[in-house]
Amino acid sequence: MPGIEKLHLEDALEDSPQTRHLLSVFEKDALALKKYSAGLHGCCQRIMKAQNELCAATQSLAQHLRDYEIQKFALETEDSILTSTLKQYASYLDDVSSIQQVLSAQLSETMMYPCTKFLQADLEEVMTMYEMFNIASSEHSSAQSRYMKLPKRREDERSRNDANQELYLTRKKFHQTSLHYFSCLNALQYKRKFCLLEPVMGYLHAQRAFFRMGQDAVGKTDIEDFLTNIATSVQGVQQELQQETKKTVDLIDNLEQQSAHLYHGQPPLDMPYIPPNTTLTQKAGYLYIRSKQLLATKWEKCFFFTQAGNLMCQAKDELAGSLVLDLNEPGVMAEPCEADDRRFVFAVVSQKKKSIVVQAENDREKDEWICTINNIVRESGYEKGTKAHPPPQQTKKERAGSSSSMTKQASGSVSESSSPDGQSISRINPFDQSATEVLDTLDAAIENASFVESFLVRFLGSMEVKSDRGEPLVHETMRQIMAARAIHNVFRMTESRLVVSSECMRLIDPGTNNVRTQFSLADISFWSAHHENNRLFGFITRTKAPGAAISTFACHVFECNVSAEEICQAIGTATKLAFQAIMERKKQTKQQQVKKKESALLLANIGQIEDAPEGEEGLSALPLSSDGKYLVLTTTDESDLYAEPQDMEESMAKLSVSSAPPEEIDSESEA
């Protein structure tokens, strides 16, 4: 190849100063080439590491997008559009990551391998030959120097032969090493022409292949449509955010203007006077309550609110309120008072419990709290000197023992509490749910039921579950509800009367006979007692909202006085009887349909007899028996009279007697 300098191999043995000088030039060139190749190898390694890191980062991003689905965001639903969109993005990133892995493999083969081979094989060989050439040259010079120092005497003939032989060996070794060394240096001039180009050429070829694969994988029409739709959706959300931001700014301005009189603890004299509202029956807000600690007095800030005729209190670090005072008790009254030289103080006094002393922020708040509490006391059903009206009498007996019944039971009893002076008052549970329907317990549905049993139960809580059956599922729900009640210090329970009948299942307020909720037996999918505590039982209900594609399931947990197995047996008996009633109705309906068909066929045959022409030809057209002696007036296949249709099996599956109750309880869960 023209233009390439070479070392002449013929001059290797002569080892002239000119040859040595030219050799030094080649050696300096080889050292510079090695240094440059090492830098090129470092750049290629950096590209390789960056590509591997990009591939790993893309995989990590795709996995992180998928992890959004398993995160428990309090305000995000499991089937949200954002979740499905991120999953779709993750699938596209997987395609990109696979292409990047292919690019990484190609870079390793076409870029890193040639560069590493040139640096570690060819240049290292030159450096090795350089060391061997210097050693051989030194040995040859030493042997030649000893040879030249031999004396002329004959008695040194043996020494001369040894020196001559040593010179022969070292010169031959030097010549051979020089030839190989010169050859490596000459070959290096050719290798530099392509070994420095191969890594760059491999890099560009790999990138071209990567871009072609990327265009085929990512440049699809469906991906373009997906990105266009997402971009349109993002723009729409951004516009909604801008509109919402504008509305929020306007609302903030209005709220600031409306709340100007609330910024002062005591409104200044130049502000308009706002009189207190003396007709309130519910109120909530922060008050300072007084508590005594040894010889000192402490005032603590708490959030007070009224609920179902009770005064409740909740600290900032608490998740649920606690009962401070039952306003239904006799002698409860709120009135202003003086305490610890503080302003706006009032007290809520009671005959049974110790009075509480609280401080409001201003006169208006104090007057509204006093009027609200006194209004609740007046409307709670207790007035001193009078007797509250008793609730309607109950006509079914409540189960408190362990006896079971397959027939109706009657006799009534109503529980009511009495004050110390003998006056009757009605109490309201702070965790009670308001009745949505007031019915007598022995209405037409219960009155005609073939099976009725009643139990006293206490509602503990409800939780949405993922499945419609399973004893471990019910037990786990019980554990979570009991743990939540213990963590939040919730000890009050709503007592109800559970009426199980072959028509339906109801929860009834034992004090007022108000129907709190009613369940259809067809919606109860499973029921079970606790495997360790036989006073706990729960059941799962199905609920399908109008227009919804799938049903939701909820597990409701109760505590009872009797064995929970008795209640489960009662529910099982009720569902069996309900299923038998459905089967009986279907059988009667089928028989009626068969009779209608027979009547229609009989009328049709009679019409044929009347319209048939006289003679044998006319008789042959009539529906006769096989022997021709009798006229067929009914169908012969009566097996379908008592056949069990497929829809009966579906009813059996729906009313499975394994364990299950009714519709979702509307009662408020205390968990």
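The values are calculated or read from the model by the stated rules, or taken from the named source; none is laboratory data. All of these numbers come straight from a predicted model, not from anything done at the bench. Cβ sites come from the backbone with ideal geometry, for glycine too, and all protein chains shown count toward neighbours. Ligands, DNA and RNA are stripped out before the accessible areas are found, and what is left, the full protein with its side chains, is counted by its heavy atoms. Shrake-Rupley method; radii C 1.70, N 1.55, O 1.52, S 1.80 Å.
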Within region 90-99, can one find any residue that is β-branched (Val, Ile, Thr), over 20 Å from the mean Cα position of the chain (by Cα) and over 21 Å from residue 112 (Cβ atoms)?
-> yes
Looking only at region 469-490, decide whether some residue is under 20 Å from residue 563 (Cα atoms), β-branched (Val, Ile, Thr) and in contact with a Lys or Arg (Cβ under 9 Å, 6 or more places away or on another chain).
-> no
Of 59, 63, 45, 51, which residue is in contact (Cβ under 8 Å) with a residue 60 or more places away in the chain and part of a helix (DSSP H, G or I)?
-> 45
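Results for (1) crowded, with 20+ Cβ neighbours inside 10 Å; (2) closer than 22 Å to residue 565 by Cα; (3) touching a residue at least 24 places away in the same chain (Cβ under 8 Å); (4) not basic (Lys, Arg), shown as yes or no for each residue.
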position	(1), (2), (3), (4)
494	yes, yes, yes, yes
501	yes, yes, yes, yes
512	no, no, yes, yes
521	yes, yes, yes, yes
528	yes, yes, yes, yes
532	no, yes, no, yes
536	yes, yes, yes, yes
543	no, no, yes, yes
In region 211-223, residues that are over 15 Å from residue 96 (Cβ atoms) and open to solvent by 100 Å² or more (accessible area, probe 1.4 Å) total 0
If we scan region 70-77, do we find a residue that is surrounded by 15 or more Cβ atoms within 10 Å (Cβ to Cβ), free of Cβ contacts under 8 Å to residues at least 40 places away in the same chain and under 20 Å from residue 230 (Cβ atoms)?
-> no
Flagged in region 270-282 as open to solvent by less than 60 Å² (accessible area, probe 1.4 Å) and either in contact with a strand residue (DSSP E or B) (Cβ under 6 Å, 6 or more places away or on another chain) or under 14 Å from residue 361 (Cα atoms) (or both), in numbering order, are 276
Search result, residues across region 336-356 that are open to solvent by 70 Å² or more (accessible area, probe 1.4 Å) and under 15 Å from residue 371 (Cα atoms) | 336
Would you be able to tell me the number of residues in region 306-349 that are touching a Gly at 6+ places or on another chain (Cβ under 8 Å), among the polar types (S, T, N, Q) and within 25 Å of residue 296 (Cα to Cα)?
-> 1
List the number of the failed condition for residue 74; all other conditions in (1) of a type in the set (Gly, Ala, Ser); (2) in contact with a helix residue (DSSP H, G or I) (Cβ under 7 Å, 6 or more places away or on another chain); (3) modelled with pLDDT under 90 hold.
-> (2)
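Does region 282-291 contain at least one residue that is outside any helix (DSSP H, G or I), among the polar types (S, T, N, Q) and either at pLDDT 90 or above or within 38 Å of the chain's Cα centre (by Cα) (or both)? Step through it out loud before you land on a result.
Going through region 282-291, the residues outside any helix (DSSP H, G or I) turn out to be 282-291.
Then keep just the ones that are among the polar types (S, T, N, Q); that gives 282, 291.
With the extra rule that they be either at pLDDT 90 or above or within 38 Å of the chain's Cα centre (by Cα) (or both), the set shrinks to 282.
Looking for residues that are outside any helix (DSSP H, G or I), among the polar types (S, T, N, Q) and either at pLDDT 90 or above or within 38 Å of the chain's Cα centre (by Cα) (or both), one finds at least one in region 282-291, hence yes.
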Only one of these conditions is not met by residue 191: (1) among the charged types (D, E, K, R); (2) open to solvent by less than 90 Å² (accessible area, probe 1.4 Å); (3) over 30 Å from residue 107 (Cβ atoms). Which number is it?
-> (3)
Go over the candidates 13, 65 one by one and state the one that is open to solvent by less than 50 Å² (accessible area, probe 1.4 Å) and in contact with a helix residue (DSSP H, G or I) (Cβ under 6 Å, 6 or more places away or on another chain).
-> 65
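Could you please find all residues in region 303-322 being within 14 Å of residue 376 (Cβ to Cβ) and either modelled with pLDDT under 90 or open to solvent by 70 Å² or more (accessible area, probe 1.4 Å) (or both)? Let's see the steps before the verdict.
Of all residues in region 303-322, those within 14 Å of residue 376 (Cβ to Cβ) come to 304-312.
If the condition is that a residue be within 14 Å of residue 376 (Cβ to Cβ) and either modelled with pLDDT under 90 or open to solvent by 70 Å² or more (accessible area, probe 1.4 Å) (or both), then 307, 308, 309, 310 are the ones that fit.
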Per-region count, region 464-492, residues out of contact with any helix residue (DSSP H, G or I) (no Cβ under 9 Å at 6 or more places or on another chain), of a type in the set (A, V, I, L, M, F, W, C), more than 23 Å from residue 570 (Cα to Cα) and open to solvent by 30 Å² or more (accessible area, probe 1.4 Å) | 4
Conditions (1) hydrophobic (A, V, I, L, M, F, W, C); (2) touching a helix residue (DSSP H, G or I) at 6+ places or on another chain (Cβ under 9 Å); (3) open to solvent by 60 Å² or more (accessible area, probe 1.4 Å) -> residue 82 fails only (2)
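Any idea which residue in region 509-554 is nearest to residue 498 (Cα to Cα), counting only those that are in a loop (DSSP other than H, G, I, E, B) and of a type in the set (Val, Ile, Thr)? Lay out the reasoning, then the answer.
Start the filter on region 509-554 by keeping residues that are in a loop (DSSP other than H, G, I, E, B), which leaves 509-513, 520, 530-535, 544-551.
Going one step further and asking which of them are of a type in the set (Val, Ile, Thr), we end up with 512, 550.
Details: 512: 14, 550: 29 Å.
Among those residues, the one meeting the criterion is 512.
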Some residue of region 265-276 being of a type in the set (D, E, K, R), over 30 Å from residue 99 (Cβ atoms), out of contact with any helix residue (DSSP H, G or I) (no Cβ under 9 Å at 6 or more places or on another chain) and assigned to a loop (DSSP other than H, G, I, E, B) = yes
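Any idea how many residues of region 555-590 are part of a loop (DSSP other than H, G, I, E, B) and over 17 Å from residue 507 (Cα atoms)?
Of the residues in region 555-590, the ones part of a loop (DSSP other than H, G, I, E, B) are 561-563.
Next, only the ones that are over 17 Å from residue 507 (Cα atoms) stay: 563.
Residues in region 555-590 being part of a loop (DSSP other than H, G, I, E, B) and over 17 Å from residue 507 (Cα atoms): 1 in total.
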Which members of region 331-357 meet the condition of being assigned to a loop (DSSP other than H, G, I, E, B) and under 49 Å from the mean Cα position of the chain (by Cα)?
-> 332, 344, 350, 352, 353, 354, 355
Going through region 297-343 one residue at a time, which ones are more than 22 Å from residue 486 (Cα to Cα) and of a type in the set (Asp, Glu)?
-> 300, 326, 329, 335, 338, 340, 341
Name the pairs: first residue in region 128-154 and closer than 20 Å to residue 181 by Cα and surrounded by 11 or more Cβ atoms within 10 Å (Cβ to Cβ), second residue of a type in the set (S, T, N, Q) and at pLDDT 90 or above, Cβ to Cβ under 6 Å, at least 6 apart or on different chains?
-> 132/177; 133/177; 136/177; 139/170; 140/170
